[in-house]
Amino acid sequence: MTDASLEDRLKHLIVDTLMLEDVDAADIETEAPLFVEGLGLDSIDALELALAIHKEFGVRTREDDEKNREHFHSVKSLAEFIRTEQAKAAATPAEAAPEA
């Protein structure tokens with residue numbers, strides 16, 4: 001997967017998940033803030049988006065993680081977070097199944 005395709009997938013996921021009828025995914029700037037300024041998303045949007053990201057990419061955020069604000073700052077920061085978490089998961093060997 002190329003870097004651009006992940007960002008594009010995230011933009012479409014944001015529009016679809018949050019039902020942003022007046023926003024075109026192509027118009028979302030990769031480095032623009034998603035909350036307050038920029039798209040003007042709120043905390044409920046963040047929860048919905050976190051669930052969608054988990055479902056789509058298999059990546060979870062933790063409620064108590066102080067870096068969540070950084071992760072959800074922009075499409076670019078979300079993409080970096082997803083790449084990092086997926087790389088960690090890929091590098092961690094699966095636990096051996098217990099023998100019967």
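Summary table below
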| read-out | value |
| --- | --- |
| Cα-based helix-to-principal-axis angle, 43-57 vs the chain, degrees rounded to 10 | 50 |
| The chain: angle of helix 75-91 to the longest principal axis, Cα-based, in degrees nearest 10 | 10 |
| Gaussian network model of the chain, Cα within-10 Å springs - most flexible of ASP27, ASP45, ASP16 | ASP27 |
| Residue (of PRO33, PHE57, ALA90) at the positive-pole extreme of the chain, dipole from beta-carbon charges | ALA90 |
| Prolate/oblate/rounded label for the chain (Cα gyration tensor, a/c 1.5) | prolate |
| Added length on full extension, which subtracts the Cα-Cα distance from 0.36 nm per residue, PHE35 to ALA87 | 16.1 nm |
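Read the figures in this text as sums done on the coordinates, not as results from a lab. Note that this is a predicted model, so its numbers are computed, not measured. Positions of Cβ are generated from backbone atoms using ideal geometry, with glycine treated the same way; all protein chains shown enter the neighbour counts.
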